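The values are calculated or read from the model by the stated rules, or taken from the named source; none is laboratory data. The shown structure was predicted, so the numbers you read here are calculated from the model rather than taken from an experiment. Note that we place each Cβ from the backbone using ideal geometry, even for glycine, and neighbour counts take in every protein chain shown.
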Amino acid sequence: MQVAELQWVAGLLRRLSGPLEALLDGSSVEEECVLGRWYRGNGRQSFGSLPGYARIGLAHEALHTAARRLLLVRTHGPATEIEPCIADVIREKNRLAAEISALPVSQSALEAAATASDDPAAGLSN
């Protein structure tokens, strides 16, 4: 794994600080994160009718699932499972970034939608 990827995962774990039960439940975490707010707000308004928009939601959900599993393994699981969990998080992060990049819109349109709320792709690139 690249150092940049490991640093991104470490930053993700820092941002996931809070009551463990709430993070593992995940009921509101996906909706309250920066990308979740963008996806359900300006992202939907700007790009909801485009092919690929729904795939962003699925990739976003998969990233949260992988991150919750990493957090659970890091807290309670065997140390031998941490590295595969990190690899899963990185794979899902890259998938999400690819889905956002694959939207058939210009980079300036994505940036305009992002600046109208929060940046949906912050920290997604390696």
What number of residues within the stretch 104-125 are touching a helix residue (DSSP H, G or I) at 6+ places or on another chain (Cβ under 6 Å) and modelled with pLDDT of 60 or more?
-> 2
Find all pairs meeting these conditions: Cβ atoms under 6 angstrom apart; at least six residues apart or on different chains; first residue within the stretch 73-92 and free of Cβ contacts under 8 Å to residues at least 40 places away in the same chain; second residue among the acidic types (Asp, Glu).
-> Val73/Glu81
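Could you tell me which residue of the stretch 50-108 is surrounded by the most Cβ atoms within 10 Å (Cβ to Cβ), considering only residues that are of a type in the set (Asp, Glu) and within 17 Å of Cys33 (Cα to Cα)?
Once the filter is applied, the top-ranked residue is Glu92.
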